[in-house]
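Notes for the one structure printed next.
Rule-based calculations on the coordinates, nothing more; no lab input. Please read these numbers as outputs of a predicted model, since none were measured by experiment. Cβ placement follows ideal geometry from the backbone for every residue including glycine, while neighbour counts extend to all protein chains displayed.
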């Protein structure tokens, strides 16, 4: 398989031309499970000119991939190993570039059941995850600007960045609680508390 980078006229030399990679995933007639992927042992075929921007847009040879169905197809075979991202099929494994994290959480729904709050997030590829012990949230702060970057785990080792509008809505649901002996401002979902920032830092 050729792994040279370049303009769109090289597409036919790539496995992304329907010859191997794209054909392989389009031929999948069932949902790919973690068990499926763990049984795959493909050879590493190098890097390809595919990038996922911070806003969740997928690019191939610097051109955005406009078909959402194709993006969802690629996302179904995306894995992360040692902080690097790969597309993997039963026959090959190729590296791609991810600017931040692959996905964006674009909305969430609050559900109250038996007095317990549940927050269900939806990503830009229509995955839905329940914020809880299996899919936790974390928030990083830029050291210079103090700007928050919130993330939620959506599958093994792979996160989605929570977009600004959803994070503002989350903050409106925030509360104070102790974690490891420290008072935090954070979010509660599925009987779990997810800290955002220490209370002491909010009072400065």
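Gyration tensor analysis over the Cα atoms of segment 30-133 returns equivalent ellipsoid semi-axes of 28, 18, 12 Å (largest first, whole Å). Roughly how many whole Å is it from the C-alpha centroid of segment 136-192 to that of segment 46-100? Segment 136-192 and segment 46-100 have Cα centres spaced 26 Å from each other.
To the nearest 0.05, what FRET efficiency results for residue 134 and residue 63 with a Förster distance of 41 Å applied to their C-beta separation?
Here the calculated transfer efficiency is 0.70.
Beyond 21 Å, how much of the Cα-Cα pair distribution for segment 60-204 remains, as a whole percent? Percent of Cα pairs beyond 21 Å in segment 60-204: 50.
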